[in-house]
Amino acid sequence: MRKTVVISGGTDGMGRATALERLARGDRVIVIGSNPAKAVEGAQFLQADLSSVKEVLRVAAEITGPIDALALFANRTQSRRVETPEGLEYTFALYYLSRYLLGELLLPQLEASPQPVIINVAGVGTKVGRINWDDMQLQRKYGLVKAQLQAGRANDLLGVSFAAQGRRTRYVHYHPGFTRSGSQNVVIKLLAKFFARPVAQSVRPIVEWISAPPAQPLTAIDRGKDVPLALKTLSPRDAARLDAYTKGLAALADLN
């Protein structure tokens, strides 16, 4: 059965590989990315800077019809603190907030599908890092790793709050482990050459979840193993707290 698949961050690495695999199965694939030169042949390409709330709102409005799967990959590291046009810390905005927004904005189209699924590719199962509740935008002390870990833990909680709302759409957290992806960092590229998993191996579960989503509302997989939903980083209390914070951002007024 032909599916409609939306992929954020689908021009490089695992996102691109997922797009190509689903195109090979005859799916309608919509790729959201920032660089038109990396558009995937055969897929519909939508250009957007997903660190911008305004851009996310615009690109989501351009996607029409039922959606069977939303696969979330978009992420990019920043060695120094960068603010988005809305005044948000870049990593928080791109890695977490764009995923929250796409899930909410496209929810009516997902719910119109027979077996809808959202697949959030991040670091579920990882216990390091935390939400800096008193400095969410890392204005006082920024670090590349600190920002990435906070956004990763925020994505953990995103799936918990999404599933708690009784929606038909299944939610899958997936940590593939170290994968040969599209990083431009020289050290990471060198390490990947010797230690990382091939992209095709890492995307295989994603491709299959799109065809047959899990039955349970929330699934968490870390490198092939089930992650207990009772894990501290998947706390329902913290998920509700983060959801309230996110909805309270002035930039999200259109969603409230």
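The values are calculated or read from the model by the stated rules, or taken from the named source; none is laboratory data. Bear in mind the structure is a predicted one, so any value in this text is a computation, not a measurement. With ideal geometry, Cβ positions are generated from the backbone for all residues, glycine too; neighbour counts draw on all protein chains shown.
Observations on the model:
- Residue count for the range 125-136, restricted to those that are touching a Leu at 6+ places or on another chain (Cβ under 8 Å) and either free of Cβ contacts under 8 Å to residues at least 40 places away in the same chain or buried (at least 18 other Cβ atoms within 10 Å of the Cβ) (or both): 6
- The lone criterion from (1) free of Cβ contacts under 8 Å to residues at least 40 places away in the same chain; (2) aliphatic (A, V, I, L, M); (3) crowded, with 23+ Cβ neighbours inside 10 Å left unmet by V82 is number (3).
- Restricting the range 25-73 to residues that are among the hydroxyl-bearing types (S, T, Y) and within 17 Å of the chain's Cα centre (by Cα), the residue that is surrounded by the most Cβ atoms within 10 Å (Cβ to Cβ): S51
- The set of residues from the range 1-15 being more than 16 Å from P213 (Cα to Cα), more than 13 Å from the chain's Cα centre (by Cα) and buried (at least 24 other Cβ atoms within 10 Å of the Cβ) comprises just one member, T11.
- Exactly one residue out of A48, A43 is closer than 16 Å to L105 by Cα and in contact with a strand residue (DSSP E or B) (Cβ under 7 Å, 6 or more places away or on another chain), and it is A48.
- Qualifying residue in the range 221-231 (condition: without any contact (Cβ under 8 Å) to a residue 60 or more places away in the chain, touching a His at 6+ places or on another chain (Cβ under 8 Å) and closer than 26 Å to I30 by Cβ): no
- Near pairs, Cβ below 8 angstrom, 6+ apart or cross-chain, from the range 157-186 (closer than 17 Å to G10 by Cα) to any residue that is among the basic types (K, R) and modelled with pLDDT of 95 or more: G182/R16
- Within the range 89-99, being crowded, with 24+ Cβ neighbours inside 10 Å and part of a helix (DSSP H, G or I) holds for T91, A93, L94, Y95, Y96, L97, S98, R99.
- Top-ranked residue in the range 37-55 [being among the aliphatic types (A, V, I, L, M) and at pLDDT 95 or above; ranked as farthest from L23 (Cα to Cα)]: L50
- Residues within the range 58-82 that are out of contact with any helix residue (DSSP H, G or I) (no Cβ under 7 Å at 6 or more places or on another chain) and over 18 Å from L46 (Cα atoms), tallied: 2
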